[in-house]
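Here the structure is laid out as structure tokens; the discussion comes afterwards.
Laboratory data are not the source of any read-out in this text; all were calculated from the coordinates shown. The structure displayed is predicted, hence computed values, not measured ones. Cβ placement follows ideal geometry from the backbone for every residue including glycine, while neighbour counts extend to all protein chains displayed.
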Amino acid sequence: MLKKKESFFWTSYSDLMTSLFFIMMVLFILVMVLLYKRMEVTENKLEEIKRVEQSTRELNKKDGYFEYNEKYEKYVLRIDIFFPELQTNFAYLTPGCKDSLDRAGDEVVAFLKRHQDTKYLLIVEGQASRNSPKWMDRNYSLSFERAKNLMKFWLHEKGKTFGNNCEVQITGSGDGRLNVHSMRHPINEKNQRFLIHIIPKNIFKE
């Protein structure tokens with residue numbers, strides 16, 4: 001009788017261990033499949049991120065109006081801008097300069113239309129050169145006003161639209177005296193310019 005009980009116990013114990021082993025195997029396989037799928041999704045997302053980031057370099061054409069700076073990750077308009085001291089109005093720019101800015105805006109609009117499946121943050125940054133010491137405190141507001149007037153020029157005067165996939169922000173980084181690590185040109189006068197940031201917004205979403 002005792003032997004029968006012991007035999008029943010070991011049989012049951014063996015069945016239990018077999019069942020637990022089977023369950024562990026199933027869970028292990030399930031975890032591995034889920035990890036593989038997760039890695040696959042992550043790799044696809046990384047490829048998508050690289051593709052979208054690379055697409056922004058399209059503006060960096062040899063004969064275009066933009067030049068991409070790898071170090072600061074932003075575009076510089078290849079257009080010489082000169083405002084008289086303390087002026088921000090586009091009426092002070094030459095017709096040729098305004099024509100170039102107009103075509104540069106067309107390039108941005110065309111880029112956004114080609115990539116409507118991605119949402120972008122477009123930042124227009126104005127900069128200023130260092131001028132007379134008594135006016136230097138105004139350079140930050142001047143750089144912002146110039147960037148604002150560039151957007152008004154594009155939107156109101158030239159009737160451009162940047163589409164529903166683009167959020168626009170305007171900023172001014174002044175003459176660099178506050179050491180904000182913004183990109184600066186070694187020639188002071190060349191800092192009267194506009195920098196353009198095109199940042200993908202939705203590439204990190206699942």
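Observations, loosely collected:
- Residue exposure sequence - Thr88, Thr171 - by fewest surrounding Cβ within 10 Å: Thr171, Thr88
- Label-point separation in nm, Ile187 to Asn89, each point 7 Å along Cα→Cβ: 2.8 nm
- Simple point charges give the picture: +1 on the Cβ of Lys and Arg, -1 on the Cβ of Asp and Glu, and for segment 60-200 a dipole about the Cα centre of about 80 debye.
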